[in-house]
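Comments concern the structure below.
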Amino acid sequence: MKFSVYRYNPETDSEPYMQMFEIEQRQGMMLRDALLAIQEQDESFTFRHSCGEGVCGSDGVNVNGSNKLACIAPLTELKDPVEVRPFPGRPVIRDLVVDMSQFYAQYNQVDPWLQRKEPLPEQEILQTPEERDQLDGLYECIMCGCCSTACPSFWWNPDKFLGPQALLSACRFLADSRDQAGEERLDKLEGPYKLFRCHTIMSCVEACPKGLNPTKAIGHIKAIMLKEAI
Amino acid sequence: MALEKQRFDTLILGAGGAGLNAALQLANANLKVAVVSKVFPTRSHTVAAQGGVNAALANVLPDNWHWHMFDTVKGSDYLGDQDAIEYMCREAIPTVYELEHNGVPFSRLANGKIYQRAFGGQSQDFGGEQAARTCAAADRTGHAILHTLYQQNIRAKTHFYDEYFAVDLIKDDAGMILGALVLNIATGEPLLIESKTTLLATGGCGQVFRTTSNAHINTGDGMAMVLRADLPLMDMEFFQFHPTGIAGKGMLITEGVRGEGGYLINKDGDRFMEKYAPNAKDLASRDVVARSIVTEVRDGHGCGPEADHVMLKVNHLSEDVIAKRLPGIRESAKIFAGVDPVKDPIPVFPTAHYVMGGIPTDRFGRVMPTADDDGEHLPGLYAAGECACASVHGANRLGGNSLLDILVFGRLAGHNIIDYVKENKAHRPLNEASVEASMARLGRWDAKGDGMTVSQLRNEFRKTMEDHAGVFRVEDMMAEGVEKIKQVREKLNDVRLTDHTRTFNTNRTEALELENLIDVGLAIAVSALHRKESRGAHSRPDYPKRDDAEWMKHTLYWRESDKLDYKGVRVQPLTVESFPPKERVY
């Protein structure tokens, strides 16, 4: 199977280029296995990866035009030759490794932690199974960045629009029956950019390797805002 | 260029559950704390823990911490230190409540309390009926906990050095640890972090084996740093092989699957665990289940064209239970085994999973540098989590006790560091010689020319470990393994990098990781060769019995001359009667 891989090392390359590799495809191989095989051929080829099972979120890359997690992207589902590039819209550090600091900064913007105002009980804060169900589809995010770096609104305004990942996280806390900072959370999302630059293009939904739906979460936040306004 | 230096009250190496729970205590107490992690914190391997965390909350079935303690001592095959175990099992309860208050999205029972599931080796009333002690967030408990702890650290404004690789501990002539030399992975530049206290929370070393549930990053870095600082590792022969890795691949299928009612079958469809553990069956301790699977396969009862695995049957459970309690497993089985567990059984085989041994600490998380039973701890140096050995897991860890260990001892280390820094306000003078030695070790990788590649030697090493230090171990096989690994250690000198640039050079960090892996692998192999008994995960067909008279003691291994020494098990708990060794049956 043939791979055309994005290469750039700021120390040695004046500009990025695509390099062809060929690897032997084995049964059950994921894209990450192919990238590792490429690395055995050329040790200078660099990408992030760790758990190999789609939970750590390290190895998000752009494959044949779509953002995917390499470790759970089967080669059998990819068109040969496979074009592998870093996430679009992020500064490239080297090869497939991009600078994600803006993405993380936007996550921090939504105060992504549970906030309580009442004193804490001695035991657990009670939550019914139905209340807990509201977190399904929100808490599972692995912060790989596939969604935000696939979002045209985030490409245009990465510093002002929070992006689908951060907004999904905001929704995760708004949806938690234990959280008591809903009003402040909504206030922080006011204005034309942070939330409202989402134009429901839904690239994020297509990109999410965990099957989550940030667009729906953003719609949910807007619905709460509307309800509060009335 | 002059070496850049930074000073902190506390340096934490590692940002998994242990490191982050310690950091949270310290940041809340306004200490100046630096957390160094070679990956962005939520990529740490705590994220992959599935089944849950043990605490005797008694939300589902009757329970108390004393029963939990009994199960843990028995599970450890009586090698665990009973003071540390008592502490952990008592602290489990407030620790889980604190996590919940911090925001962990635990699954819930109809009455609103935290959902708890049955796990292996758990009993009510000191060996009676099955207990349900494992607090779970579906089958993504580690993810839920790690993300919550990271979120709380954002709130507490903890100072993170993300994607910095810890190279070596820096120490002075008195043996005190002064901080660490770390490497900024993105720029390739070294940085010296001086600290009054240092906490090692670097996690496990499963990458020493070829087939493992562990992530690429689990290379035993902290353990190897300790070895290079002339400190010992304890009980490294005890390595847990999780019974149910996806066959041929190694990805974990949680014990929670069996806790929810799944069971193992061989090629004839027999539920073979009934034969090996008549009472607990599929929920016997992990060492027992792993050995049973290997035995079934060796006796020709394996499944598949190569007859090299067994099957984990789940399809008798309702699709609703699987969707609610085991969604991640269903996803993993589909992706990596190509089966939907709702319809077909999952092919499984034991996979290298967890090291019970590690950096010896007392029950306060303080590192213990000697084999002396009444020895003093090394002031200012702490270890917590999988890299440490308190020892709460002894010869075999119970499922659900790993998340518990990292959380309880991470938090405790945090509290003890706060006290230590109150008493010790000044930094000790820097020891330039130690910094130079570490810089020289880094510089060695600048050598050019022909040689083996990192991946060639790594493949050879991991295969050797798998062949010679696996589930069953006999004298000749292990002795040969030790010799081969020593040869691998020699061959390290012949390894050369092809990439000598500085920017995000993973070729270089993987070389440093390989050095760590080999040091830790040798600690495992040498410790294993010398323990002539079967206990917990250390199973020797040539010495099939546990030998309490001779071997109820901890192994200590030093890198220098591959020296071994031993120290006694702490059998006296804090407030209750000691559990004397008994035959261990499930």
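The values are calculated or read from the model by the stated rules, or taken from the named source; none is laboratory data. A quick note: this is a predicted structure, and the numbers were derived from the prediction, not measured. We place every Cβ from the backbone using ideal geometry, glycine too, and count neighbours over all the protein chains shown.
Quick notes
- Helices (runs of 4 or more DSSP H) wholly inside region B:463-566 containing at least 1 residues that are crowded, with 18+ Cβ neighbours inside 10 Å and within 14 Å of chain A (Cβ to nearest Cβ): B:506-530
- Residues within region B:398-453 that are part of a helix (DSSP H, G or I), farther than 28 Å from B:L514 by Cβ and among the aliphatic types (A, V, I, L, M), tallied: 9
- Among the candidates B:D230, B:D173, residue that is surrounded by fewer than 24 Cβ atoms within 10 Å (Cβ to Cβ) and closer than 17 Å to B:E515 by Cβ: B:D230
- Among the residues of region A:1-32, those identified as buried (at least 19 other Cβ atoms within 10 Å of the Cβ) and touching a helix residue (DSSP H, G or I) at 6+ places or on another chain (Cβ under 8 Å) are A:F3, A:V5, A:F21, A:I23, A:M30, A:L31, A:R32.
- Test result for B:P62, in a loop (DSSP other than H, G, I, E, B) and either in contact with a Leu (Cβ under 7 Å, 6 or more places away or on another chain) or buried (at least 24 other Cβ atoms within 10 Å of the Cβ) (or both): no
- Which numbered condition B:A58 misses (of (1) within 13 Å of chain A (Cβ to nearest Cβ); (2) closer than 16 Å to B:C135 by Cα; (3) among the small types (G, A, S); (4) touching a Ser or Thr at 6+ places or on another chain (Cβ under 7 Å)): (4)
- Region B:376-410: number of residues that are touching a residue at least 12 places away in the same chain (Cβ under 8 Å) and surrounded by fewer than 24 Cβ atoms within 10 Å (Cβ to Cβ): 4
- Cβ pairs under 8 Å, 6+ apart, first in region B:291-303 and surrounded by 15 or more Cβ atoms within 10 Å (Cβ to Cβ), second part of a helix (DSSP H, G or I): B:R291/B:Y276; B:S292/B:M273; B:S292/B:K275; B:S292/B:Y276; B:T295/B:Y276; B:G302/B:E296
- Residue within region B:247-261 that is in the same structural domain as B:V289 (by TED's automatic domain parsing), part of a strand (DSSP E or B) and more than 23 Å from B:L378 (Cβ to Cβ) present: yes
- Within region B:224-241, if we keep just the residues that are touching a Lys or Arg at 6+ places or on another chain (Cβ under 6 Å) and under 20 Å from B:D287 (Cα atoms), the residue that is nearest to the other protein chains (Cβ to nearest Cβ) turns out to be B:Q240.
- Test: residue in region A:165-186 that is within 14 Å of the chain's Cα centre (by Cα), within 18 Å of A:Q109 (Cα to Cα), modelled with pLDDT of 95 or more and part of a loop (DSSP other than H, G, I, E, B): no
- So B:N102, is it surrounded by fewer than 21 Cβ atoms within 10 Å (Cβ to Cβ), in contact (Cβ under 8 Å) with a residue 12 or more places away in the chain and either touching a Cys at 6+ places or on another chain (Cβ under 9 Å) or outside the structural domain of B:V321 (by TED's automatic domain parsing) (or both): yes
- Answer from B:A280, B:A247 - the residue that is under 30 Å from B:P327 (Cβ atoms), surrounded by fewer than 24 Cβ atoms within 10 Å (Cβ to Cβ) and either in contact with a Ser or Thr (Cβ under 6 Å, 6 or more places away or on another chain) or in contact (Cβ under 8 Å) with a residue 40 or more places away in the chain (or both): B:A280
- Being crowded, with 16+ Cβ neighbours inside 10 Å, of a type in the set (D, E) and within 20 Å of B:L149 (Cβ to Cβ) is not true of A:E83.
- Residue match in region A:137-159 (condition: under 15 Å from the mean Cα position of the chain (by Cα), surrounded by fewer than 19 Cβ atoms within 10 Å (Cβ to Cβ) and either part of a helix (DSSP H, G or I) or among the β-branched types (V, I, T) (or both)): yes
- Filter pass, A:D136 being within 12 Å of chain B (Cβ to nearest Cβ), of a type in the set (D, E) and closer than 17 Å to B:N153 by Cα: no
- Within region B:70-85, being under 15 Å from B:S391 (Cβ atoms) and either buried (at least 24 other Cβ atoms within 10 Å of the Cβ) or in contact with a strand residue (DSSP E or B) (Cβ under 6 Å, 6 or more places away or on another chain) (or both) holds for B:T72, B:V73, B:K74, B:G75, B:S76, B:D77, B:L79, B:G80, B:D81, B:Q82, B:A84, B:I85.
- Residue within region B:551-559 that is of a type in the set (S, T, Y), closer than 29 Å to B:I217 by Cα and in contact with a helix residue (DSSP H, G or I) (Cβ under 6 Å, 6 or more places away or on another chain) present: yes
- Residue check for B:A34: in a loop (DSSP other than H, G, I, E, B) and either within 11 Å of chain A (Cβ to nearest Cβ) or farther than 19 Å from A:E140 by Cβ (or both): no
- Unmet requirement for A:V97, which otherwise passes all of (1) over 29 Å from A:L174 (Cβ atoms); (2) more than 7 Å from chain B (Cβ to nearest Cβ): (2)
- Residue list for region B:359-397, filter: of a type in the set (S, T, N, Q) and either under 15 Å from B:M88 (Cβ atoms) or assigned to a helix (DSSP H, G or I) (or both): B:T361, B:S391
- The number of residues in region A:1-37 that are within 14 Å of another protein chain (Cβ to nearest Cβ) and among the small types (G, A, S) comes to 2.
- Hey, A:L126 aliphatic (A, V, I, L, M) and more than 7 Å from every other protein chain (Cβ to nearest Cβ) or not: no
- Assessment of region B:445-453 against the conditions (within 25 Å of the chain's Cα centre (by Cα), of a type in the set (S, T, N, Q), more than 30 Å from B:V33 (Cβ to Cβ) and in the same structural domain as B:K32 (by TED's automatic domain parsing)) yields no matching residue.
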